[in-house]
Every structure is written in C-alpha cells, then in structure tokens.
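Reading through the structure tokens given below for one structure.
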Amino acid sequence: MRIVGIGASAGGLASLEDFFRNTPADTDMAFLVVQHLDPTQKALLPELLQRYTDMPVHEAEQNMPIQANSIYVIPPNRELRVLNDTLKLDEPAQPRGLRLPINVLFSSLASAQNERAIAVVLSGMGADGTLGLQAIKATGGLSLVQSPGTAQFDAMPKSAIAAGCADIVAPANELPERMLAYVRRVPEPEEESEHAKQDPYADTSLTRLDPLLHLLKQHTRHDFSLYKPTTLNRRIERRMAIHGMASLADYTRYLADNSQEVQLLFRELLIGVTQFFRDTEIWDYLINTGLPELLAKHPADHPFRTWVVGCSTGEEAYSLAMAFTEAMDQIKPARELNLQIFASDISPDAITKARRGQYPLSIEDAVSKHRLARFFTRHDNHYQINASIRDKVLFARHDVILDPPFTKLDLIACRNLLIYFDLTLQRRILPLFHYSLHQDGLLLLGSSETIGRLNHLFEPLKPKMRLYRSKHYQSVRHSDLLLKSFPPMSTLPKEHSVPTNKAPQPDITNSLQSAADNVLLQVYSPAAVVLNAEADIVYISGRTGKYLEPAAGKANWNIHAMAREGLREPLYSALKQASDQMEPVELAGLLVQTGAGIQPVDVTVQALRDPESLKGMTMVVFRDAVQAAAPARRRKPASAADSDHATQTQQYLQEIENLRHQAKLTREELQASNEELQSTNEELQSANEELTTSKEEMQSMNEELQTINTELQTKLDDLALAQSDMQNVLNSIEIAVLFLDQELNVRRYTERASTIISLRETDIGRPLSDLTSSLRYPELQGDARKTLDTLAVSEKQITTNDDRWFSIRIMPYRRLDNVIDGVVITLVDITETKNLESALRERPRVRPQRGLTLNLYSEEAIRLALPPAAVVSMHRCRSIT
C-alpha cells in the first residue's frame, strides 16, 4: 500500500477540493492531509472534504492503523508522523508561528515508505514542505506540486519548485491522474521482482538503452553501461512516467533536447540511500575487535588511511571516524592517531551536503545519545558534526570506474555499491580494491555483496558481516591492471540480443458502423446545446426551438437569456452543480411554457472533460417527457381557471424546491469560505508572529551591537589617552628614545631623538641603516642586531660630529605577553659630565681645609672647586644616568 502525504496552507481548501474530486475511490492508496490550522479551534476540514470524495475521511488519532482508500486529516495543535503503517501524533516542539508540520509528515513518510512515498504540495504561504520533499526525493519517492499559476497562494509551490524538488507540476485537478499514471507505470519493488520471476525471458539487455546511455556519458562523463539492467530500467521508467512518455525513443529525444533532464536522470540513477551506523553489529565488531587489532599492528609514525567508496551524503564516512575514535579510546586513550579518511562519491550534490556535515534531528533514531553528545552539536532543526570528526574526513568527487583509485590503504568500505554493477564490472572493481589495500588490510562490503570467486585476493574475516582481509597475491599488482579497468567498460564487446519479429497489427475500420452512427446522430439524437464557461451557446444539435428562443433586443447567445419559462431557474442550479461533480445532473418533468402550451421536459446537464477540445465546456440535452395516458371514460373538463391555477401551483412548488437547493449550496459555500478564511487568518497570524520574533531578535542583536560598539569606543578613547600620556612622558624627560621592530625598522621615536638622528614622520617603517645621524657610531646597526639575537643589553658612550657626548643604551623591547618584538635605543646627553671630568683632570689637587680630608673626586671637593652652576649641571646628569 502506498501512502500519499498532502500538504496545504492558505488557499488549500479549494486545491484539496479539486484534488479529491478527481481522485477515484479505489486507488488502493491512503491519503494523509496536513493543513496549517488554528490550534485553538476545532477543525471542520474532515466534514468539508467528505463532500468531495466517496472515500471515508477520518481525523487522525494516536496509533490509528492506516487503511487503503481512506483519508486522514491532521487534528489541530498536533504533528502527524507515520511509523509502520500507523499514525503517530505529537505536540509541536516549536512555538506557534514557527511550526512546520508538512515537513514533519513528509520526512517521516520518506523514512517509512522510501521509494514508495508520494508527497503533494498545494497552495500555501511560506516554505513548509520543501525540506520534506527533499527527503522524499532523496529516497526515490514521487513529489508533486501544484502549478503556482493555479494556486491562490503560490509561495509554497514556488519554494518547492525553486529547490528542485518537484517531479510533476500541474494544476490540482490534474495531479491525481498524473500520480495514478506514474503508479501504474512504475510498479512497487515487490511487484517488479514478481514480474521478473514470472517472465524470465524479459529483455534485460542494455542494447535498447545504448543511445540514452551515450547521452548520459557525453554530459556527465559517467558510464552506466555495466550497471545492472533492472536498476537502470526502473529508474528510467520512473522518469518516463513523470513526463507521461510511453516510448523510450521519445524520452531519448527529450533528453537530447533538455540538458536539465539529463542531470535529473543522472541524479536519479545515483542511488544515495545511507544512514549512520547502518547494520549495528558490524560497527560493534569493528569498534571492539576489528579496528583495535588492526591499529595494534599499525606503525605509530604512519598515517592510518581508509577509503569510503560511494559515501553519498557522508553518514558512513563520519560513522567510520567516530568508530576509530571509540576504538582508540579502548586501546590507548593517550595515543594520537593520524587518521586519514578519503570519502568519495560521483554526485556533486551529495559531496556538498556531506562537507556541510548537517543532518536532520531524525538521526536520533540511529545515533545513540552518548554519540550525539560527544560528536555532534545540536541546533534548532539539525545536528552539526563537530570539528574533531569533520577534520578527519576528506570528501572528493571521484568515479570509481573512471578515476584512479586511492592507494596504500588500510581499510576500504564499499557498502551497497557493487549491487548496482553487473558481474563483469564487479570483477574489475574488486581487484582494484585489492591493489589499493596494504597486505592484511580490511575490505567492508554491504550485506548483499560478496567477493565472488576472488578468494585468491581476499579471505573472509567475518563472512556474515561481509568483512574480508586482503591476501598477499603479487599477480594482481601487474602494471597493466589499471589499463584493463580504464577507460570505461563500455569499450568491451557485448553480446547483442536477437530481436523478435512481430507481425504488424492490421488497421480494421468498420465503415458500415460509422455511417450508421452518423445517420442516427443526425436524425434521431435529442436536442442539445454545448456551452462554454460563461454559459454561452457555442454549438446546437437538433431542434431546440421548443426549449430555447432568442431574447428581444441585442443578440444574446447566453442560455439563461434564451431559456423558456420554466427552464431558467432549474437550469441555473443544474449548471452550477454539474461543474462540481463528475456525474451528469438529471432534471425530470420540468414544466416548460412552449408555443403549444405547457410541455413536461427532461433535461440532462453534463460537464465535459474529454476530449481536450471540449474540456471546460458543458452539454445540455433536452427530451420531451412522456405524459400519463388519459382514462378511458372522458371526464367533465375542468374550467380554464382551475387548469391555470394548478399549473402555476406546480411551477411555484418547483421554484421553491430549486430555491431551497440553491440556498443549501450557498450555505455550504459560505461554510467552506469561512473555513478558508480561518486557515488564511492562521497563516497571517503565524507570519505576524514570525515577523514579531524576527523583529525582537533583530532588536536584541542591535542592542548587543550598540553595547559592543560603546565598549570599543571607550577602549579606543582609553587607548588614545594612554598613547598621549606616553608621548608626553617621553617628551618631558628630555631623553632621546628610538623604538625599532624585529627587522630594525623605525616604529616610534621622541622629539629629542630627531635632533640626533635625521627622523621625520614619513620615516616610520624605514630601516635604521637608511637613516643618517651625527653619531660617530658605525656599529649601531650591528649592536642593535646583536641585542635582538642575544637579548644582552648594550651600553656605550659615543661622541657626535659636533663634539657632544651621548650614553647609548640598547635593550630588547619586551611586550606584556613576554614576547621580544624589537629593541629600544636610549640616548642620554652626557656632554657636561664629560667636560667636567676633563676639567677636573686638568686642575691640580685641592688642599683640604683644616679638619677636612677629601678625595679629589669627592662631592665636597667638586663643590669647592667649581662654580655653583657647574655643580647643578653635574647633579642633573647624575640623576639622568
């Protein structure tokens, strides 16, 4: 049994009506309807849908079994899921306005039904349903979208189409027919296998697919010629069914003219079904036994290299990285493992998704809570792989058939890829894996895959788990191995099937029957007219003058203007009713005022849907009703007044009945409109809440940014003030200071330094060697470099060209984080000190006064020998030094 998920929002009631009016009641499918509803109001959707379908409509309940030919509608304030053909209801996890119940249903449907899943997106606002359609499409299911031009609100259909999720785009009333045509054309997998058993001589060769495969090879560089014919046929049949094509030749011509369809078929043939830790028993064995044994023999200084072939969206590659991490915890927790995981796939879309490392919340079913907490980071609607696992995996687009393989590997995981290759290609790929593996390397295959007859290359380690160990076999490492596998296998000779001659079918026409039918239609057919959508007559058959007459005044071909008295009101109601149903509307015994009196007339109104030229039109057929036979004995004739009174009474009663029926239809329409307005109001309220939430988040973010900006501005002001203080301090001490960076380029200097060394603002960043100075110190560059290298302080007394003396001290520039980032050169003027020393050396020794014994160079002797001004200069120099 197939399950169809239908998602709708604002404007969805009319779309649902069109959909179910055109859906037969015996499709053997179940329909799950999700619409955005007011969580505080009781929904009337089940009662409204019941008017348009013969299938029973139920409001979904917890653990309700799903039955074929039934419709299930989501209740208010719930999320609907599918699990083992049973309905599951949960309270919404997100607040009102942020809920996406259509995505929830479609995602669960993809997990439960896989390629049998069918999803339909109808009118609505927002983008709910797009992510769910992506899940449906990834599993090979069918996705249908209402054409935006026919939807009252086109945001949801446009979002699905823009995401590339729509297999079929059509008006809501055409979607059921397209869906059923697809189901009839593409049988379920069980039916397909039964058909293959019943018809063992069915044509499974690829000869008839050669032109199509050649087109794929031209556009995608990939050769599908040695894929299993059953896989190719099923996927190609699916694309043909989506486009409504019955001939492979027509579809091949369509491919040749449509490059986008080539890419869609290419993605269709790349089956990307995977999950985290698929087949848990093999992963438990690898973590507890297989990998620890392999790692124990592996040299610590060599990287451990693995290759995941056909990685799809990355789940298996990341599972392997997590398994290695857990295995390392068991053997040597402190050991660092240089792990390299090469994950390859031919699909660029799958590689892009794998690199992002984002997976839906549904992985909680496959990944334990411990692993989720250790290796993932949870976000609002997805899990993100942690960087510690992501950095271990290198994703690359790689074709295992065409491209050279990765080599010097310790483990290869190729699970559920070989099952899509025929035996010839498998016998080419497996020796290639043996060539890539080290001796005793591990090969991990899928549960339905084996090494076949290649026992000389691999020995089974765990046969039930499809785990094999590479054996030493030198012949497979022959130099022509790769030449045998590349270029693609399509160059190999193939056996062509013998075509079966079929006798042409004779074209038999029954000219006699056709002529007789034409005569009967022309002579004996009842009077009838064909109307367009505006009820204007476009075609007349037979004599209709008894029922219709032209209206006075300007010519008017509208049937309501031309209908005789007694037909107008019933005909108006019948036309409206016929447009809403498949069956014709029968009006019996209408009393029509004709030229010869009152005539009872039977009228049939039928909406036309076939052929295409009459689609949207209505046919009205008139037949005279049979009057009751008069009694044998003639009664006394009634008066003319009584006869007219009876006639008028009959007409009034019939008009009253018609008005009642019309009032009932009007009430139903008003009720449907009210439900539609409630749904629209819910959508608007949700949108308003989303906008309010976004506004609040933006306001909060803006306030945070303003706070950060204020803090930064305060720090900038403090920094500018500190810089000014430092500059004033340096200038006030009257010491020449020069700051150099690690390359001995000028970083900063004081004004006093510019009087000794030729410096100006534009010299910031210039090398010290490019500057001129009055110092007689050619070794300044070398001493600065030596201080930077040895961190030893250099101190010298140097004279200038104008006979001034400076004490030059060079010391490392040490930052607050204790990092050496250049040197600092200080220049202190000691000219007066030097002159004082010279003067003291030239003067004789001073006689001490009575009771005073002083050295020549004592402070008291200097004070006695020099004038007061010289003594003050001496003290100033001493304080500076």
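Each part reduced to its alpha carbon centroid, region 589-621 and region 786-838 end up 116 Å apart.
Ordering Arg238, Arg660 by accessible surface, largest first, gives Arg660, Arg238; the 1.4 Å probe counts only protein heavy atoms, with every chain in place.
Take 729-742, 30-43, 765-778 and order them by the average number of nearby Cβ atoms within 10 Å per residue, most first; the result is 30-43, 729-742, 765-778.
Summing Lys and Arg as +1 and Asp and Glu as -1 over all other residues whose Cβ lies under 15 Å from the Cβ of Tyr383 gives a net charge of +3. Scoring 309-315, 352-358 by mean Cβ neighbours within 10 Å over their residues and listing the highest first yields 309-315, 352-358.
Please compute the Kirkwood hydrodynamic radius over region 31-153, one decimal place, Å, based on all pairs of different Cα atoms. After inverting the mean inverse Cα-Cα distance, the result is 14.9 Å. Each Lys or Arg adds one and each Asp or Glu subtracts one; over the other residues with Cβ under 13 Å from the Cβ of Ala170, this totals -3. Share of carbon and sulfur in the accessible area of region 1-128 stands at 45%, probe radius 1.4 Å.
Please compare each pair in Lys576/Lys664; Lys546/Lys576; Lys369/Lys392; Lys796/Lys834; Lys137/Lys369 to a cut-off of 19 Å on the Cα-Cα distance and tell me which ones are over it. Beyond 19 Å between Cα atoms: Lys546/Lys576; Lys369/Lys392; Lys137/Lys369. Under the classification rounded if a/c is under 1.5, otherwise prolate if a/b is larger than b/c and oblate if not, where does region 763-815 fall, given a ≥ b ≥ c as square roots of the Cα gyration tensor eigenvalues? Because a/c hits 1.5 or more and a/b fails to exceed b/c, region 763-815 counts as oblate. Loop-located GluC sites (Glu not before Pro) in region 1-82 (DSSP state not H, G, I, E or B) with no more than 14 neighbouring Cβ atoms inside 10 Å: Glu61. The residues of region 305-391 expose, per residue, 45 Å² of accessible area to a 1.4 Å probe.
The Cα atoms of region 83-150 cover 32, 29, 17 Å along the three principal axes, with the biggest extent listed first. Proximity of backbone amide H atoms, modeled 1.01 Å from N, is registered between Arg415 and Val309 at under 5 Å, excluding neighbours fewer than 5 places apart on the same chain.
Each peptide among 122-130, 341-349 gets the average number of other Cβ atoms lying within 10 Å of its residues, and from highest to lowest they stand as 122-130, 341-349.
The values are calculated or read from the model by the stated rules, or taken from the named source; none is laboratory data. Keep in mind that what you see is a predicted model, and the values were worked out from it rather than measured. All Cβ positions, even for glycine, are placed from backbone atoms using ideal geometry, and neighbour counts span all protein chains on display. The protein model used for the area step is the full one, side chains on, heavy atoms only, and it has no ligands, DNA or RNA in it. Shrake-Rupley method; radii C 1.70, N 1.55, O 1.52, S 1.80 Å.
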